[in-house]
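Let me begin by presenting the structure, written as structure tokens, before commenting on it.
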């Protein structure tokens, strides 16, 4: 085969291998552009809807007397809350509209959603919802993330969830959805988010008491609290639950108590007693105790090595059921009587 034909063949093979990669890159770029377009449009509509609702709050409340209401996005364009160039259709051919109802006296819950068009792919929809911010969300596809929650509008990362039926609308799987809640005309977030939302710490902050409904809270990191109200009487021997609960004595003394084995008892405190005081020249058992140490000598020496003497205190057995060890002292003493103190933790 002529060399020029061989070169041409290699060139064709190279181009054929590069084309799929380039095509994939183009598709990924197009996908990113469409996701951003939906999110950017959704964020703009959230801001405009907020201004519109606040300016017309009384009229909107009155209109809900007959049930949930829906207004087209074009109403925000004609009233100047959105630029005249604003499209009411998103990048997937879905038409934006705004539905709302009155969940409680003087309150409004507003859902910005879409109808019709083509579903946003399940792999792209959560990304678009997250890009819209704390109030951004989605209506899940038939398959993929949150598919089991079809019929609900769900916040980014599952931050909130509401049935779309309470707004009087039909579910539109594979579409964006944004939620606004107003308390007496003030925009607020009544949902506690499981994830951090940059710039919006209030969505991770409780504003009332949290009732766990007899459920457990597990796998905590650092737990900080101002006060701990333990129920019942806290006194030595009084019943308690659960093990490990800590409180202060109900008698007002401030004594720290801990729940162990179903009853309250004082937190471990060291109490000492002199259990050995003698002169000797060889190993000798002392006593069962949690810990022992030399406290001095009859001639005023304190601890360790001093003239002509080597003192060693160590456990030789244990621990027993009370956590005590049997301690032994060993060394050679020339006229000295070492003192040993032992402590039990009670």
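Please count how many residues of the stretch 104-130 are under 24 Å from residue 60 (Cβ atoms) and in contact with a helix residue (DSSP H, G or I) (Cβ under 8 Å, 6 or more places away or on another chain). Show your work before the answer.
In the first step, residues of the stretch 104-130 are kept if they are under 24 Å from residue 60 (Cβ atoms); the result is 104-115.
If we keep only those that are in contact with a helix residue (DSSP H, G or I) (Cβ under 8 Å, 6 or more places away or on another chain) as well, we get 106, 108-113.
Count: 7.
So which residues in the stretch 324-346 are assigned to a loop (DSSP other than H, G, I, E, B) and modelled with pLDDT under 75? Don't jump to the end; show me each part of the working.
Filtering the stretch 324-346 down to residues assigned to a loop (DSSP other than H, G, I, E, B) leaves 324, 333-337, 346.
Answer for the stretch 324-346, where residues must be assigned to a loop (DSSP other than H, G, I, E, B) and modelled with pLDDT under 75: 333, 334, 335, 336, 337, 346.
Would the stretch 56-65 turn up any residue that is part of a loop (DSSP other than H, G, I, E, B), under 29 Å from residue 145 (Cα atoms), assigned by TED's automatic domain parsing to the domain that holds residue 164 and more than 35 Å from the chain's Cα centre (by Cα)? Don't jump to the end; show me each part of the working.
At the first step, the residues of the stretch 56-65 found to be part of a loop (DSSP other than H, G, I, E, B) are 56.
The next check asks that each one be under 29 Å from residue 145 (Cα atoms); those that pass are none.
Within the stretch 56-65 (the criterion being part of a loop (DSSP other than H, G, I, E, B), under 29 Å from residue 145 (Cα atoms), assigned by TED's automatic domain parsing to the domain that holds residue 164 and more than 35 Å from the chain's Cα centre (by Cα)), the answer is no, since none of the residues qualifies.
When the stretch 116-170 is examined, which residues are found to be surrounded by fewer than 14 Cβ atoms within 10 Å (Cβ to Cβ) and assigned to a strand (DSSP E or B)?
Within the stretch 116-170, 163 is the sole residue that qualifies.
Would the stretch 75-92 turn up any residue that is in contact with a helix residue (DSSP H, G or I) (Cβ under 9 Å, 6 or more places away or on another chain), part of a strand (DSSP E or B) and modelled with pLDDT of 90 or more?
Scanning the stretch 75-92 turns up no residue that is in contact with a helix residue (DSSP H, G or I) (Cβ under 9 Å, 6 or more places away or on another chain), part of a strand (DSSP E or B) and modelled with pLDDT of 90 or more.
The values are calculated or read from the model by the stated rules, or taken from the named source; none is laboratory data. Remember, predicted model here, so these are calculated numbers, not experimental data. Glycine gets a Cβ as well: all are built from the backbone with ideal geometry, and neighbour counts include every protein chain shown.
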